[in-house]
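Everything on this sheet refers to the single structure shown next.
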Amino acid sequence: RQIAQIIKDNMPDSSDWVSKLEIAGPGFLNFYLQPSWVYPVLPLVLEQDEKYGCSDYGQNSKIQVEFVSANPTGVLHMGNARGAALGDSLCNLLQAAGYDVTREYYINDAGNQIENFAKSLEARYLQLHGQDVPFPEEGYHGEDLIDTVKNIIAEVGDKYLQVDPALRREFLVQTALQEKIAAIKKDLADFGVEYDVWFSEQSLHDSGAIQQTIDVLREKDYIYEKEGALWFKSTLFGDEKDEVLVRANGIPTYFAADIAYHRNKFERGFKKVINIWGADHHGHVARMKGSMQAFGYNPDNLQVILMQLVRLFRGGEIVRMSKRSGQYVTLSELIEEVGKDAARYFFVMRSPDSHLDFDLDLAKEESSENPVYYVQYAHARICSIIKAGAEKLPKIEEVNLQRLEEESELDLIRKIADLPDEIIGAAINEEPHRLTRYAHELASLFHSFYNSCRVLIDDEELKNARLVLVEATRITLRNVLHLLGVSAPDRM
RNA sequence: GCGCCCGUAGCUCAGUGGAUAGAGCACUGGCCUCCGGAGCCAGGUGCGUAGGUUCGAUUCCUAUCGGGCGUACCA
């Protein structure tokens with residue numbers, strides 16, 4: 001407090017921007033701004049419009065965000081939906097904060113699960129032709145897979161009954177993959193998510209990138225052989241145990257492919273690489289970072305956001321989600337049931353660290369109670385006011401904004417002024433959920449203003465000032481909703 | 001056993017080492033014949049437990065209890 005007093009004694013008591021200076025608490029120095037500081041933000045919002053909130057903070061630095069990357073052996077489920085909502089909103093935020101963002105989906109179109117997928121397809125193909133063959137124990141039991149095979153049969157009939165099984169599986173798997181990937185793209189597009197790059201794991205096998213990666217690690221002496229397999233010394237980089245890169249049967253593991261993939265990311269010039277993974281993959285983080293360190297990259301430039309898993313409830317019972325068992329609620333069903341807007345808002349609303357209990361019954365029954373409607377309602381209300389009250393908005397330079405003096409008006413303007421900083425804060429901390437809070441607070445301040453101040457009044461000067469205020473509010477609300485991937489309706 | 005995440009109001013969750021810890025849901029009572037009542041206003045002794053670091057801890061550290069997830073030559 002003494003130091004604060006010294007500073008205060010050496011500051012002018014007031015200035016154009018500061019109305020007073022006060023010492024408080026254990027030694028805080030509170031600067032009270034002149035109320036008039038807020039007014040210039042309103043013409044700025046109207047002028048920048050869609051760009052309001054954006055900044056060049058990121059200096060166009062290249063960032064890649066890889067998210068969802070679900071196996072193309074099935075359809076997208078709730079966990080993928082959370083990753084999609086989170087990843088896409090994060091990308092929007094980073095772009096708004098001035099980063100050069102690439103959205104990427106890694107297609108696991110190689111490896112063991114593809115083998116299983118092929119065997120499952122083959123079994124279904126033969127079964128649908130009346131053959132009594134067993135279904136592979138580790139296979140994919142989902143109903144969607146039967147439909148996939150039915151579609152294939154509609155095209156090619158029994159042509160692949162007599163051919164070499166390896167050729168048959170190859171044909172089935174390639175055809176099914178195309179269909180599955182197309183379906184995934186469509187589901188994501190329906191959810192408002194568009195990718196810049198779809199990266200094939202198989203391409204890393206085909207190009208020799210995986211082999212080359214292993215060769216380099218061997219040269220650096222980070223590899224040893226044990227029991228016929230090749231092991232990466234990940235314990236050198238803080239991992240709990242070493243990891244297999246190439247199995248005794250000569251086939252590289254998923255980890256080997258992932259090292260090649262992440263090397264490829266950095267070789268493409270990304271300054272920062274962000275992965276969004278389910279928490280069940282957390283054991284993979286240390287070794288992935290370690291492997292990048294082995295190649296001389298700063299492991300801090302590989303950032304992994306772990307999302308806790310989504311638990312689904314129906315009728316008070318937890319629904320076990322598993323592709324293998326074929327029981328899960330799909331993304332498209334979710335969109336159908338609760339809508340894209342509510343689903344995206346709901347997923348982003350929570351911190352990735354928090355477990356997400358998604359009660360389907362509740363989401364269906366009480367969807368009108370979802371906070372997203374509260375925010376959208378504020379937007380629709382403003383549109384309605386503007387439509388009812390103004391042929392066109394007054395010219396901003398002719399409006400006397402100083403007439404906005406009510407506390408609810410000033411609170412609203414101050415909140416609007418926060419948006420650029422909110423976006424930067426949420427972007428650099430990689431926390432899109434902050435924006436849902438901001439959206440809610442902004443909507444709340446608007447509703448509060450609405451109840452204490454009428455916009456469409458006889459006092460022309462005040463009316464015009466308030467019209468500018470609500471228009472600026474509308475723009476701000478809309479911009480935030482769009483960052484979240486949620487629509488801003490004119491009517492509801 | 002070891003590792004990671006979580007534990008905050010009845011419930012679901014926010015909370016950048018700082019001031020009197022906040023929202024939604026639920027509950028109770030109010031809101032002008034007026035721009036959309038999907039709204040507004042009012043109502044609250046809650047940081048799992050015990051230590052430590054600090055002028056100051058919900059936040060950092062240690063231990064412990066509880067929940068979740070990992071700990072494959074699966075991905």
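The values are calculated or read from the model by the stated rules, or taken from the named source; none is laboratory data. Since this is a predicted model, take the numbers as computed values, not measurements. Cβ placement follows ideal geometry from the backbone for every residue including glycine, while neighbour counts extend to all protein chains displayed.
List the residue pairs whose Cβ atoms are under 6 Å apart, where the first residue sits in region A:141-163 and is free of Cβ contacts under 8 Å to residues at least 40 places away in the same chain, the second is part of a loop (DSSP other than H, G, I, E, B) and of a type in the set (D, E, K, R), and the two are 6 or more positions apart or on different chains.
none
Give A:96, A:81 a once-over and let me know the one that is touching a residue at least 24 places away in the same chain (Cβ under 8 Å) and either within 28 Å of residue A:269 (Cβ to Cβ) or β-branched (Val, Ile, Thr) (or both).
So the residue among A:96, A:81 that is touching a residue at least 24 places away in the same chain (Cβ under 8 Å) and either within 28 Å of residue A:269 (Cβ to Cβ) or β-branched (Val, Ile, Thr) (or both) is A:96.
Just to check your reading of the model, which residue among A:166, A:118 is surrounded by fewer than 21 Cβ atoms within 10 Å (Cβ to Cβ), out of contact with any strand residue (DSSP E or B) (no Cβ under 7 Å at 6 or more places or on another chain) and of a type in the set (Gly, Ala, Ser)? Working first, answer last.
Details: A:118 fails: surrounded by fewer than 21 Cβ atoms within 10 Å (Cβ to Cβ).
None of the others qualify; the one that does is A:166.
Got at least one residue in region A:153-161 being in contact with a Pro (Cβ under 6 Å, 6 or more places away or on another chain) and farther than 11 Å from residue A:125 by Cβ?
From region A:153-161, those in contact with a Pro (Cβ under 6 Å, 6 or more places away or on another chain) are none; that's our starting set.
No, that holds for no residue.
Conditions tested, residue by residue: (1) aliphatic (A, V, I, L, M); (2) away from RNA strand B (no atom under 12 Å from the Cβ); (3) in contact with a Ser or Thr (Cβ under 9 Å, 6 or more places away or on another chain).
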site: A:405; (1), (2), (3): no, yes, no
site: A:424; (1), (2), (3): yes, no, yes
site: A:437; (1), (2), (3): no, no, no
site: A:442; (1), (2), (3): yes, no, yes
site: A:451; (1), (2), (3): no, no, yes
site: A:454; (1), (2), (3): no, no, no
site: A:458; (1), (2), (3): no, no, no
site: A:475; (1), (2), (3): yes, yes, no
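Does region A:370-393 contain at least one residue that is within 11 Å of RNA strand B (Cβ to nearest atom) and touching a strand residue (DSSP E or B) at 6+ places or on another chain (Cβ under 6 Å)? Show your work before the answer.
Applying the first criterion (within 11 Å of RNA strand B (Cβ to nearest atom)) to region A:370-393 yields A:370-390.
Retained after the next criterion (residues that are touching a strand residue (DSSP E or B) at 6+ places or on another chain (Cβ under 6 Å)): none.
For region A:370-393, residues within 11 Å of RNA strand B (Cβ to nearest atom) and touching a strand residue (DSSP E or B) at 6+ places or on another chain (Cβ under 6 Å): absent.
Looking at the structure I just gave you, is residue A:207 among the hydroxyl-bearing types (Ser, Thr, Tyr), in contact (Cβ under 8 Å) with a residue 60 or more places away in the chain and farther than 30 Å from residue A:353 by Cβ? Can you show your working first?
Working: among the hydroxyl-bearing types (Ser, Thr, Tyr): yes; in contact (Cβ under 8 Å) with a residue 60 or more places away in the chain: no; farther than 30 Å from residue A:353 by Cβ: yes.
For residue A:207, the condition - among the hydroxyl-bearing types (Ser, Thr, Tyr), in contact (Cβ under 8 Å) with a residue 60 or more places away in the chain and farther than 30 Å from residue A:353 by Cβ - is not met.
Any residue in region A:441-462 that's more than 29 Å from residue A:422 (Cα to Cα) and part of a loop (DSSP other than H, G, I, E, B): show its pairings with residues that are more than 8 Å from RNA strand B (Cβ to nearest atom) and not hydroxyl-bearing (Ser, Thr, Tyr) at Cβ separation under 6 Å, as long as the two are six or more apart or on different chains.
A:457/A:463
Output the number of the condition that residue A:189 fails; it satisfies all remaining conditions of (1) modelled with pLDDT under 95; (2) over 20 Å from residue A:249 (Cα atoms).
Here residue A:189 meets the rest and fails (1).
Give me the residue from region A:205-254 that is more than 15 Å from RNA strand B (Cβ to nearest atom) and surrounded by fewer than 12 Cβ atoms within 10 Å (Cβ to Cβ) and, out of that set, farthest from residue A:291 (Cα to Cα).
A:206
Got at least one residue in region A:308-329 being of a type in the set (A, V, I, L, M), outside any loop (DSSP other than H, G, I, E, B) and at pLDDT 90 or above?
Here is the first cut: in region A:308-329, the residues of a type in the set (A, V, I, L, M) are A:309-310, A:312, A:318-319, A:321, A:329.
Restricting the remaining residues to those that are outside any loop (DSSP other than H, G, I, E, B) gives A:310, A:312, A:318-319.
Still in the list and also at pLDDT 90 or above: none.
No, that holds for no residue.
Tell me, which residue of region A:72-106 that is farther than 27 Å from residue A:358 by Cα and in contact with a Ser or Thr (Cβ under 8 Å, 6 or more places away or on another chain) is surrounded by the most Cβ atoms within 10 Å (Cβ to Cβ)? Working first, answer last.
Residues of region A:72-106 farther than 27 Å from residue A:358 by Cα: A:94-102.
Still in the list and also in contact with a Ser or Thr (Cβ under 8 Å, 6 or more places away or on another chain): A:96-100.
Values: A:96: 27, A:97: 23, A:98: 18, A:99: 23, A:100: 16.
Among those that are farther than 27 Å from residue A:358 by Cα and in contact with a Ser or Thr (Cβ under 8 Å, 6 or more places away or on another chain), it is A:96.
In region A:139-189, what residues are small (Gly, Ala, Ser), within 25 Å of residue A:328 (Cα to Cα) and part of a helix (DSSP H, G or I)?
Pass one, region A:139-189, residues small (Gly, Ala, Ser): A:139, A:142, A:154, A:157, A:166, A:176, A:182-183, A:189.
Within this subset, residues satisfying the condition of being within 25 Å of residue A:328 (Cα to Cα) are A:139, A:142, A:176, A:182-183, A:189.
A:176, A:182, A:183, A:189, listed by residue number.
Write out, first by first residue and then by second, each pair whose Cβ atoms fall under 8 Å of each other, whose residues are 6+ apart or on separate chains, and whose first residue, in region A:14-33, is of a type in the set (Gly, Ala, Ser) while the second is within 8 Å of RNA strand B (Cβ to nearest atom).
Taking only residues 6 or more apart or on different chains, the pairs are A:24/A:30.
Would you point out the residue of region A:370-394, among those that are out of contact with any helix residue (DSSP H, G or I) (no Cβ under 9 Å at 6 or more places or on another chain) and modelled with pLDDT under 90, that is surrounded by the most Cβ atoms within 10 Å (Cβ to Cβ)?
Restricting attention to region A:370-394, the residues satisfying the condition of being out of contact with any helix residue (DSSP H, G or I) (no Cβ under 9 Å at 6 or more places or on another chain) are A:380, A:384, A:387-388, A:391-392.
With modelled with pLDDT under 90 added as a condition, the list becomes A:391-392.
On the way: A:391: 5, A:392: 7.
Filtering first and then ranking leaves A:392.
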